[in-house]
Amino acid sequence: MNMRQFKLGPMENFSYLVWDEDSRDAAVIDPAWQPEAIADFVKAEGLRIHCVLLTHAHPDHINAVPFFTAADKDLPVYLHEADYFMLESRPPLLRTVADGEQVQAGALKVGVLHTPGHTPGSVCYLAGDAVFTGDTLFIGECGRVDLPGSSAEALYDSFAKLAALPDEAKVWPGHSYNGDTSTFGVQKEYNLYLKLARQGRRAEFLKAVA
Ligand SMILES: [Fe+2]
């Protein structure tokens, strides 16, 4: 498994490409803002995009989906169905993801962890030791829970789930807030929210995110 991080747009969003080294089969995660940068890389590296994976449906993470679905009408777009209500228009081939599922993108397999809280359909994607955390977990921070469909209680449960991931797993967040990447080992120690969830301190977590 190989991956590339793209910092794009006015809100320091991250889009990602993840691919199988041998087959060059790839998936694009949260395409937004400047899809040409991603497309140029795909071309230069000889990758073949098999699907779009969305961590959630906020516009700053999905506004370049039409760029990719226009180029390939058979391109599936994966999004947890609990976030469908936020879509202004539906991609032609929209498919839901479920917790624990593996999405097959050619020879590449990507795992799904349902992590509601920031939005009801927020998910993290797992590939090798990489965890693409969208707006659920940032470096030293957690996602906002003051938006339509947000839930601090659900975010606590999601952080408890994330705290069980191995220390060597890498965090690849949805925005460049406080940093671009880290490990779960470091975040369990220095990310207040992950630390509280790991220690089962629910009431303090809910107070901290309020
Ligand atoms: Fe978001």
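Every number in this text was worked out from the coordinates using simple rules, so none of it is lab data. Please read all numbers here as calculations on a predicted model, not as lab measurements. Here the Cβ is made from the backbone with ideal geometry for all residues, glycine too, and neighbour counts use every protein chain on show.
Starting at the first residue of region 38-44, write each ³J(HN,Hα) from the Karplus equation 6.51 cos²θ - 1.76 cosθ + 1.60 with θ = phi - 60°, in whole Hz, x for Gly and Pro.
Listing the rounded values in order: 6, 4, 4, 5, 4, 5, 4 Hz.
If r is the Cβ-Cβ distance from Gln104 to Arg144 and R0 is 45 Å, what FRET efficiency results, to the nearest 0.05?
0.90
Over region 92-200, calculate the relative contact order: mean separation of alpha carbon pairs under 8 Å at least 6 apart, over the residue count, as a percent. If you can, show how the numbers build up before the last one.
Values: 224 pairs, mean separation 24.5, N = 109.
It comes to 22 percent, rounded to a whole number.
To the nearest 20 debye, what charge dipole does the chain have about its Cα centre, counting +1 at the Cβ of each Lys and Arg and -1 at the Cβ of each Asp and Glu?
Result for the chain is approximately 320 debye, rounded to the nearest 20.
Quick one: among Thr136, Thr183, Thr115, which has the greatest mean-square fluctuation in a GNM of the chain with alpha-carbon springs under 10 angstrom?
Thr183
Once fully extended, how much extra length lies between Asp74 and Met11, figured as 0.36 nm per residue of separation less the alpha-carbon to alpha-carbon distance?
19.7 nm
Using Cα pairs under 8 angstrom and six or more residues apart, how large is the relative contact order of the chain, in percent?
Working: 479 pairs, mean separation 32.0, N = 210.
Here the relative contact order equals 15 percent.
Report the gain in length on full extension from Asp22 to Ala210: 0.36 nm times residue separation, minus Cα-Cα distance, nm rounded to one decimal.
Between Asp22 and Ala210, full extension yields 63.1 nm more.
Could you go through region 93-102 in sequence order and give the Karplus-derived ³J(HN,Hα) for each residue, using 6.51 cos²θ - 1.76 cosθ + 1.60 with θ = phi - 60°, rounded to whole Hz, and x for Gly and Pro?
Result, ordered by residue: 10, 8, 10, 7, 10, 10, 4, x, 6, 10 Hz.
Quick one: what are the phi-derived ³J(HN,Hα) couplings along region 170-177, Karplus 6.51/-1.76/1.60 with θ = phi - 60°, whole Hz, x for glycine and proline?
So the Karplus estimates, Gly and Pro as x, are 9, 8, 10, x, x, 9, 8, 9 Hz.
Among Leu194, Leu87, Leu53, which one moves the most in a GNM of the chain with springs linking Cα atoms closer than 10 Å?
Maximum fluctuation in the GNM of the chain, among the listed residues, is at Leu87.
For a Förster distance of 30 Å, can you work out the FRET efficiency between the beta-carbons of Glu88 and Leu192, rounded to the nearest 0.05?
Once the sixth-power term is evaluated, E becomes 0.30.
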